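Everything on this sheet refers to the single structure shown next.
The values are calculated or read from the model by the stated rules, or taken from the named source; none is laboratory data. Everything quoted here is computed from the prediction, not taken from an experiment. Backbone-built Cβ (ideal geometry, glycine too); neighbour counts: all protein chains shown. SASA here: full protein model, heavy atoms, side chains in, ligands and nucleic acids out. Shrake-Rupley method; radii C 1.70, N 1.55, O 1.52, S 1.80 Å.
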Amino acid sequence: MNFLNIFEDRIAGIFGAAQAPFSFKKLAKQAAREMEDQTLVINGVDTAPALYTVLIAADDDPFLAPFYPQLAREVAEFVKAQAEKKHYRFAGAPLVRFMIDPSLKAGKFSVFAENVDAPTLARLYEEERAFLHGGKQAGAPMPAA
């Protein structure tokens, strides 16, 4: 079974019988493409971006918000698996966060990958934790390293 099939099975387990607003298989493929497009050679090492921002429509947020932590973990695991196949390295554990884009229509999404240094990534993880503990639902917790 390939990584994409494993990812798809895990996502199906998260949602159960509920109908997701868009294809998470497409989301995973877009995240992998973004990773590939944004991978840089730094000090002779292929370094994949460690920050992934998934923009979603405001209409989809109420349904997806309870699932953000699990979805973020699954997308991060998928990206890590894809990077390992290509012997890419990260500045730290990939962080996947979800944000609302009011210009997107329901059922649409975008994924952006960014290269950030380790201190910036650590700060972003802290901001995500603070955001989550502040009672907000959007965002993703820090995955296990």
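Of the residues making up the range 89-97, none is without any contact (Cβ under 8 Å) to a residue 12 or more places away in the chain and farther than 24 Å from residue 131 by Cα.
Give the residue that is least open to solvent (accessible area, probe 1.4 Å), with candidates limited to residues of the range 116-145 that are at pLDDT below 75 and closer than 17 Å to residue 35 by Cβ.
Going through the range 116-145, the residues at pLDDT below 75 turn out to be 132-145.
With the extra rule that they be closer than 17 Å to residue 35 by Cβ, the set shrinks to 140, 143.
Values: 140: 0, 143: 18 Å².
Here the answer is 140.
Within the range 89-115, the only residue that satisfies the criterion of being among the β-branched types (Val, Ile, Thr) and open to solvent by 30 Å² or more (accessible area, probe 1.4 Å) is 100.
It is to be established whether one or more residues within the range 46-68 are modelled with pLDDT under 95 and under 28 Å from residue 119 (Cβ atoms). Checked against the condition, which is being modelled with pLDDT under 95 and under 28 Å from residue 119 (Cβ atoms), the range 46-68 yields at least one hit. Whether any residue in the range 55-75 is open to solvent by less than 20 Å² (accessible area, probe 1.4 Å) and in a strand (DSSP E or B) is what I want to check. Yes; the residues of the range 55-75 include at least one that is open to solvent by less than 20 Å² (accessible area, probe 1.4 Å) and in a strand (DSSP E or B). Whenever a residue of the range 43-70 is free of Cβ contacts under 8 Å to residues at least 60 places away in the same chain, its partners that are small (Gly, Ala, Ser) and part of a strand (DSSP E or B), lying with C-beta atoms within less than 6 angstrom and at least six residues away or across chains, give the pairs 55/110. Among the residues of the range 25-45, those that are under 9 Å from residue 113 (Cβ atoms) and touching a helix residue (DSSP H, G or I) at 6+ places or on another chain (Cβ under 7 Å) comprise 31, 35.
Within the range 3-41, the set of residues being touching a strand residue (DSSP E or B) at 6+ places or on another chain (Cβ under 9 Å), loosely packed, with under 14 Cβ neighbours inside 10 Å and more than 16 Å from residue 54 (Cβ to Cβ) comprises 40, 41. Residue count for the range 76-88 under the criterion of being of a type in the set (D, E, K, R) and surrounded by 15 or more Cβ atoms within 10 Å (Cβ to Cβ): the result is 2. Look at the range 107-119: where a residue is in contact (Cβ under 8 Å) with a residue 24 or more places away in the chain and within 23 Å of residue 25 (Cα to Cα) and a partner is charged (D, E, K, R) and outside any loop (DSSP other than H, G, I, E, B), sitting 6+ places away or on another chain with Cβ atoms under 7 Å, you get 111/34; 112/34; 113/34. Condition check for residue 91 on (1) in contact with a Leu (Cβ under 6 Å, 6 or more places away or on another chain); (2) at pLDDT 95 or above; (3) not acidic (Asp, Glu): one failure, at (2).
Of everything in the range 77-120, what is among the small types (Gly, Ala, Ser) and in contact with a helix residue (DSSP H, G or I) (Cβ under 9 Å, 6 or more places away or on another chain)? Give them in sequence order. Steps first, answer last, please.
Residues of the range 77-120 among the small types (Gly, Ala, Ser): 81, 83, 91-93, 103, 106-107, 110, 113, 118.
Listed by number, the residues that qualify are 81, 83, 91, 92, 93, 110, 113.
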